Each structure stands twice: as C-alpha cells, then as structure tokens.
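Written out below as structure tokens is the structure these notes cover.
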Amino acid sequence: MDTPDTLLHEIDYRLAFEQAPVGMVLSRHRIIIDCNARLCEMFGTTPDELIGESFRVLYPSVAEFERIGKRMEPILNASGRYADNRMMRRVGSLHGVFAGETFWCHVSGQALNRAAPHEAGIWAFEDLGSRRSAKAELTPREREVAAQVMQGSTSKEIGKALGISHRTVEIHRARLMRKYAAATTAELVQKLIAG
C-alpha cells in the first residue's frame, strides 16, 4: 500500500503546473519566465509569445500596470501574498478570444522573497467573465473602483485602498452604476462579473 510520502514522490510537478485549472505564471521582476496552457488559453496566445515578456502586455494600459505594481508592493512586503480582481487584456486571437479584448480576472500570487516582492513569484489567474468582454468603456480609476466593489468593499475602504476620498469613490461608483444600468450594488457586481 502506498503511503502519502510515496504518493508525493510520484507526482509530476511540471505536469501539475501545466494542467492546472487556472492560469499560472512564474515571474522574476514582473517578467514572465514560465506559464501554463490555461493562461495561454485565457490570453489567446502561446507560451513562446509570453515567456520573456513583461506582465505589462496583459494590462489594458501601462499606467495600470505601474499603479497596480506599486499598490502590491507594501502588501507583498507585509504578508508575502496578494490578490485582487482587475481588468486584463487579451494578447492574441487564439483559443476563441479576440486580441485587445478586456475581461475581469481574479489574480492571486505569492512572493518568494517578501523583502523584494517583485524579485520572484508565482501567480494564478482566473477569468471571471467566462470569456465575455467588458461591455462598458471604463476609465482606469473606474476599473480600480469596480475591482474593489466586486470584493465587497465600502466607499471608505475603497478610498483608503486607492488613496482617494470616499466622496470621489461614490462619484466613480455612481458612474459605474449608470454605465452598467444597475439599480443596486449587488446588480452592479453581477453585471461586472458577467462583463
């Protein structure tokens, strides 16, 4: 009879990484050094097109890539882990997706060195939009507020997290409600997830 230790030695960790049900990336200094098949499906591309590239290619804008990178650092320094929902951008047109299309994605990761959080890490990506593109055109700040709303944060919590006043958050929330024709926050969250 196999013991748990014997079974662990039989696991092919490379195959587990490749076949994971979520997109996975190994990174160094925010450069993709390896990725699995699910990530390539999600972003409509191949490993050859992603490996060696900056995570920047997966973001709707350079400004968002930089802003989220700065926001992540203190959290990674403190706990070594980070997670959020954010808008991402498809890179290619393979696997039934369209290059440039944006979608909501849950991103979570682990820094391998908390003191230098971007030095090396492992990241998981999960498509929240079931391959549906975002229908409303959102500003970068609206995308940040929307991501926080999807996590159930209050206006005061969102303001603190983004470094803006809660009144400014309420203005962005009202614009999101209008753009998505949502009557309640719950309806807004449902529509954001659906794309």
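Each reported figure results from applying straightforward, stated rules to the coordinates on display, with no laboratory input. These numbers come from a predicted model, not from an experiment. Virtual Cβ from ideal backbone geometry, glycine too; neighbours counted across all protein chains shown.
Structure data summary
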{"item": "Other-chain or far-sequence residues with amide H under 5 Å of residue 94's (modelled H)", "result": "45"}
{"item": "Net +/- balance of residues flanking residue 114 in space, Cβ distance below 12 Å, scoring K and R +1, D and E -1", "result": "-1"}
{"item": "For residue 155, net neighbour charge (Lys/Arg +1, Asp/Glu -1) across residues whose Cβ lies under 12 Å away", "result": "+2"}
{"item": "For 123, 104, order by how many other beta-carbon atoms lie within 10 Å, fewest first", "result": "123, 104"}
{"item": "Phi-based couplings in Hz for the stretch 43-55 (Karplus 6.51, -1.76, 1.60; Gly and Pro marked x)", "result": "9, x, 8, 10, x, 4, 7, 9, 5, x, 8, 6, 4"}
{"item": "Candidates 25, 62, 91: whichever shows maximal mean-square fluctuation once the chain is modelled as a Gaussian network with Cα springs under 10 Å", "result": "62"}
{"item": "Per residue convex hull volume, Cα atoms of the stretch 21-134, in Å³", "result": "85"}
{"item": "Nonlocal amide H pairs with residue 128, under 5 Å, H built at 1.01 Å", "result": "104, 105, 106"}
{"item": "Prolate/oblate/rounded label for the chain (Cα gyration tensor, a/c 1.5)", "result": "prolate"}
{"item": "Per-residue Cβ neighbour rank within 10 angstrom, fewest leading, 40, 35", "result": "40, 35"}
{"item": "Residue-averaged [θ]222 nm for the chain, counting only DSSP H segments that reach four residues, each worth -39500 (n - 2.57)", "result": "-12500 deg cm²/dmol"}
{"item": "Pair residue 20, residue 108: separation of 7 Å Cα→Cβ label points (nm)", "result": "1.1"}
